[in-house]
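Okay, structure first, notes after.
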Amino acid sequence: MAVEGKSVPSGRMTPYTPKAFPTVDGAVRSRAFIWSSIGTKVILAITGVALGLFLPIHLAGNLIIFAGAEEFNKYAHFLISIPVLVPIVEIGLLALFIIHSVKAVLNYLSNRKARPSRYESSQWAGGRSRKSWASTTMIISGLSLGAFVPIHLIQMKFGPYYSTTVDGETVRDVYRVVVETFASPLNVAFYLFCMVVVGMHLYHGFVSAFSSLGISHPRYSPAILWAGRAFGVVIGLGFFILPIYVAVAG
């Protein structure tokens, strides 16, 4: 037994020694990297970046709605006409989304467990501190997006099927689905709120991902910070204007 005031001999267990992690074959090893705090942050960063890179592509496709019903339906039909690529991409995105969500919740719970009592008061650090409302509400914005994604898929991808003709071919009238969805003020308000949340999540997540991956340097960190802010604002604003345009233009 260790004596207070004396150093602990090498090889002895202390409260700070990583817990053993049982493997499938019953052997005992140190906790796996992917379940460690650092590993969790790295996985969050990688999956977050991958999901973030999908958003500009998705936004670019959605902006085709400004070209009118025929062009938008033509684009939507083109996507579902690719027999292998689209299912693979959808499965990949689903896997990334699940991994990112689970890791985010586990990381949040781990942080709460490490600090069982909350601070008596919370103040902004000021100066060059990166603490912001977006950074302190990441778990809330993440959970909000976790609720939004399935609702969005149910309404759009798995919503009503209407037929229309484009270039002599019968295709799904996705344009009509979008118009009917945003004919409801409640849906418009819900989407606008969620797009603000998307922008906030990206606003901090972009910079946090670079930091977790070790890409940080006094010389170019300010550029990364502003790039992250610009990315969050542009993507959030791009999606934000779509429900308004459809609701007004009909």
*Quick one: what pairs do we get from the range 49-71, first residue in contact (Cβ under 8 Å) with a residue 40 or more places away in the chain, second outside any helix (DSSP H, G or I), C-beta under 7 Å, 6+ apart or different chains?*
GLU70/VAL166
*Name the one entry in THR23, THR17 that is modelled with pLDDT under 95, farther than 23 Å from ALA209 by Cα and in contact with a Lys or Arg (Cβ under 8 Å, 6 or more places away or on another chain).*
THR23
*Filter the range 151-200 down to the residues that are among the hydroxyl-bearing types (Ser, Thr, Tyr) and over 23 Å from PHE78 (Cα atoms), then identify the one that is surrounded by the fewest Cβ atoms within 10 Å (Cβ to Cβ).*
SER184
*within 29 Å of HIS100 (Cα to Cα), out of contact with any Leu (no Cβ under 9 Å at 6 or more places or on another chain) and surrounded by fewer than 12 Cβ atoms within 10 Å (Cβ to Cβ) - does that describe any residue in the range 224-237?*
yes
*Qualifying residues in the range 98-154 (those that are touching a Leu at 6+ places or on another chain (Cβ under 9 Å) and among the basic types (Lys, Arg)) - the one modelled with the lowest pLDDT*: ARG130
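The values are calculated or read from the model by the stated rules, or taken from the named source; none is laboratory data. None of these values were measured; they are calculated from a predicted model. All Cβ positions, even for glycine, are placed from backbone atoms using ideal geometry, and neighbour counts span all protein chains on display.
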